[in-house]
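Inspection log for the structure reproduced underneath, given as structure tokens.
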Amino acid sequence: MEIRRLKSLLKKNKHYITKPRLRLFAVLQKHPALTVNQLILLVPKHDQATVYRNIALFEELGVINRLRLGWLTKIELSDIFQHHHHHFTCINCGKVITLPDQPAIEKNIKSMVDKQGFKAMDHQLEIRGYCPRCKELKRTKSLQSEPVSS
Ligand SMILES: [Zn+2]
Ligand SMILES: [Zn+2]
């Protein structure tokens, strides 16, 4: 289980297994991608400094990735702790949706990189557009403001 992997990673790097760390991890497991502010709202029992410190620690240990979504940065668990996946981000409401597996895309990315003589370690793929709800809003012309572009 992932939680066991986290515990052994913390121990191996001489960090304590603390309740705030386990709770932060649990929140990240439940949500596909969160901004730091959203994360802080979901871990209300702890002071911000602890959350910031633990985010930095998780980043250092490779537990999390930072997703750069235009001008926004979101945090999610790295591929070590969850199944590798790609994202769809709605440019209107900011919702991040995990896309279904596409083994053919993974294979194509790998062969493209191999052909260039690189050794890939990981990758992120993000598709931006409108989620079904925002697409419908846009269609019915009730979408007042222009989408935020990056
Ligand atoms: Zn949307
Ligand atoms: Zn991929």
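Results, tabulated for the structure shown:
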quantity: Binned Cα-Cα distances of segment 37-103, short to long, each 5 Å bin given as a whole percent; calculated: 3, 14, 22, 23, 21, 12, 4, 1, 0
quantity: Overall form of segment 66-107 per C-alpha gyration tensor (a/c, 1.5; a/b vs b/c); calculated: oblate
quantity: Greater than 18 Å apart at Cα, pairs in 74/95; 30/135; 74/107; calculated: 30/135; 74/107
quantity: P(r) weight above 20 Å for the chain, C-alpha pairs, percent; calculated: 58
quantity: Ellipticity estimate at 222 nm from DSSP helix runs (n ≥ 4, -39,500 (n - 2.57)) divided over the chain, nearest 500; calculated: -13000 deg cm²/dmol
quantity: Summed side-chain charge close to residue 86 - residues other than residue 86 whose Cβ falls under 10 Å, Lys, Arg +1, Asp, Glu -1; calculated: -3
quantity: Shape call, segment 81-142: gyration tensor on alpha carbons, a/c limit 1.5; calculated: prolate
quantity: 10 Å binning of all Cα-Cα separations within segment 1-72, expressed as whole percents from 0 upward; calculated: 18, 56, 24, 2
quantity: Contact order relative to length of the chain, as percent, for alpha carbon pairs under 8 angstrom and 6 or more apart; calculated: 19
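Quick note: the coordinates plus some simple rules give every number you see, no bench work behind them. All values reported here derive from a predicted model rather than from experimental measurement. Because the Cβ atoms are built from the backbone with ideal geometry, glycine has one as well, and the counts that use them run over all protein chains shown.
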